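*Asks:* Below you'll find the structure I mean.
The values are calculated or read from the model by the stated rules, or taken from the named source; none is laboratory data. Note that the coordinates shown come from a computational prediction; the quantities given were computed from them, not determined experimentally. All Cβ positions, even for glycine, are placed from backbone atoms using ideal geometry, and neighbour counts span all protein chains on display.
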Amino acid sequence: MNDETTAMTSLSAVQFGSDRLLPFDIVKAIFSFIEQSDCLECMLVSHSWYQAVPQYASLIWETVNFTKSKVDTERFWMCLGPHVRHVVLKDDIYFILYKLIQHHCCNIESISKFFLYLI
């Protein structure tokens, strides 16, 4: 097991409300169906959700598209980590690469550049 898997499996259940617990695997499966923007919204629910959501939603963050304006939020950067595999860049390449390194995105397999052709 890698560090990411160990960290995730150490959380055996997620508490919603005062006494409702859901197993980690079920919560992770639920988060695999939401969009990245919805994941960022879920992080606004509470401080505990802000901390927990990135761990449960790692599958939807394997590919990160930096061609949208969401990269300016701390919530966005908090969702990144070793699970990021594919990156699409448009602008600010050096800044984004620096931030990826800073957030331990060390398993990137591909980086592509987004080009907009106007004809």
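*Asks:* If you take the residues of segment 74-94 that are surrounded by 12 or more Cβ atoms within 10 Å (Cβ to Cβ) and more than 18 Å from residue 39 (Cβ to Cβ), which of them is modelled with the highest pLDDT?
*Replies:* Of segment 74-94, the ones surrounded by 12 or more Cβ atoms within 10 Å (Cβ to Cβ) are 75-90, 92-93.
Add one more test, that the residue is more than 18 Å from residue 39 (Cβ to Cβ), and what stays is 89-90, 92-93.
Details: 89: 84, 90: 78, 92: 76, 93: 81.
This residue is 89.
*Asks:* Which count do you get for residues in segment 8-45 that are at pLDDT below 85 and not in a helix (DSSP H, G or I)?
*Replies:* Final tally of qualifying residues: 14.
*Asks:* Follow-up question, since we're still on this one. Can you find, within segment 92-113, the residue that is nearest to the chain's Cα centre (by Cα) among those that are more than 13 Å from residue 78 (Cβ to Cβ) and of a type in the set (D, E, K, R)?
*Replies:* 109
*Asks:* Is it the case, given these coordinates, that residue 88 is in contact with a strand residue (DSSP E or B) (Cβ under 6 Å, 6 or more places away or on another chain) and closer than 23 Å to residue 43 by Cα? Even if it seems obvious, please write down each step before you answer.
*Replies:* Working: in contact with a strand residue (DSSP E or B) (Cβ under 6 Å, 6 or more places away or on another chain): yes; closer than 23 Å to residue 43 by Cα: no.
When the stated conditions are applied, residue 88 does not pass them.
*Asks:* Among the residues of segment 50-66, write down those that are surrounded by fewer than 15 Cβ atoms within 10 Å (Cβ to Cβ) and modelled with pLDDT under 85.
*Replies:* 51, the sole residue that qualifies.
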